[in-house]
Amino acid sequence: MNALDLIKGRFDNQFSDKLIEFLAEKSLVFPTVKGQNIIKKGMPFNYMVLVINGTLKVLRKDENGHEHVLFYLKEGDACSETFTLCDDDKREVDLITEKDGIILLIPQKLMDQLMGEFPDWRKFVLKKFGERIKEFLHTLDTITFKNLDERLLKYLKDKAQISKSNIIKVTHQSIADDLATSRVVISRLLKMFERKGLLKLSRNKIELINV
């Protein structure tokens, strides 16, 4: 499927035909596979990212290499951290593919033109900024005010929502990495949830039952 059909299929209810044609002409269609590091913190990245399909996770690493997932990008989402008028900025987050899909890469140098010529693009960008601010505030609340068991439950709910299934294929180590803790702690909490009847554990798989 070409860029025009992909963009129209995903954003037809948000973008005008004129904007869709412009993006199709100027953008790159980029297939992604699970685990792929699209953006690395500290490295320049001169494109804006729109998600056609699949799922990406946005995370931030501390000076010791510990990771914390900030939020997920799903179909029709955009990575607002890449929305800028400058094409030489270094990124402040990592962007990693969570689920195979296709993203659209739009040259950042076009941002000024897009904002000036296309009201529907301007509305889309402002909406995404608003959504990301809410996500950041929610993440801040989670880190600051919630215990790890609450954070883990939220993490599992988010995973289930993204996969559209109550069966989550993930290792305890992957969860520990995403929540910046140890595998032993995660395993202990999951066992506790299982005893409470909230979920069922099996090898590299968690089935949510009563969350």
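Read the figures in this text as sums done on the coordinates, not as results from a lab. Because the structure is predicted, anything quoted here is derived from the model rather than measured. Don't worry about glycine lacking a Cβ; one is built from the backbone with ideal geometry, like all the others, and counts go over all protein chains shown.
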message: Using Cα-Cα distances under 8 Å and only pairs 6 or more residues apart, what relative contact order does segment 3-144 have, in percent?
response: 31 percent
field: Amide H within-cut-off set for Phe71, under 5 Å, with H built and near neighbours excluded
entry: Val58
message: What percentages make up the Cα-Cα pair-distance distribution of segment 1-100 when the bins are 5 Å wide from 0?
response: 2, 12, 21, 23, 19, 13, 5, 2, 1, 0
- line: Straight-line reach check, Lys109, cutoff 21 Å on alpha carbons, 8 or more apart in-chain or any other chain, hits among lysines -> Lys18, Lys26, Lys40, Lys41, Lys90, Lys123, Lys127, Lys128
- line: Net charge (Lys, Arg +1; Asp, Glu -1) of residues whose beta-carbon lies under 14 Å from that of Pro31, Pro31 excluded, is +1
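Using C-alpha positions alone, give me the convex hull volume of the chain per residue in cubic angstrom. Present the calculation step by step, with values, prior to reporting the outcome.
Values: hull volume 26.1 nm³, N = 211.
Hull volume normalised by residue count: 124 Å³.
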query: When we measure straight from the Cα of Lys196, which lysines land under 22 angstrom away, once same-chain ones fewer than 8 places off are left out?
result: Lys146, Lys154, Lys157, Lys159, Lys169, Lys205
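Packing-wise, with mean Cβ within 10 Å as the measure, how do 180-186, 125-131, 94-100 rank, highest first?
94-100, 180-186, 125-131
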